[in-house]
Amino acid sequence: MVHMSPSTFHQHFKAVTSLSPMQYQKALRLQEARRLMLSTMMDAGMTSRRVVYSSASQFSREYSRHFGVSPVKDVARLQETVPSSEQATDD
């Protein structure tokens, strides 16, 4: 479609995004997982299946590597910040 060899596409993609296509796809899946857990209160196990990880433990490892904290701790921390920011706008 783009008239490039796979290696040329990879080079151009990485030049634009600073990530390989696979790293970019993984980052998108992990961002979607974070969004799902925050917006639907879905647990990490169900979320991992929803974003197509075959193993909840693999999902948890990759999530922790990407965000620097486990899915449960990350969502708890993010949920704590939402009420305080809402209060700031209500006052």
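Data table
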read-out: Breaking point among (1) surrounded by 13 or more Cβ atoms within 10 Å (Cβ to Cβ); (2) more than 11 Å from the chain's Cα centre (by Cα), for Ser48; value: (2)
read-out: Filter result for Val82 (within 19 Å of the chain's Cα centre (by Cα), at pLDDT below 95 and surrounded by 13 or more Cβ atoms within 10 Å (Cβ to Cβ)); value: no
read-out: Every pair of residues 6+ apart whose Cβ atoms lie under 7 Å, when the first sits in segment 1-28 and is closer than 19 Å to Val51 by Cβ while the second is surrounded by 11 or more Cβ atoms within 10 Å (Cβ to Cβ) and among the acidic types (Asp, Glu); value: Lys26/Glu62
read-out: Counted residues, segment 36-45 - those being surrounded by 13 or more Cβ atoms within 10 Å (Cβ to Cβ) and either part of a helix (DSSP H, G or I) or in contact (Cβ under 8 Å) with a residue 60 or more places away in the chain (or both); value: 5
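The values are calculated or read from the model by the stated rules, or taken from the named source; none is laboratory data. If you're wondering where the values come from, they're calculated on a predicted model, not measured in any experiment. Neighbour counts run over all protein chains shown; Cβ positions are idealised from the backbone, glycine included.
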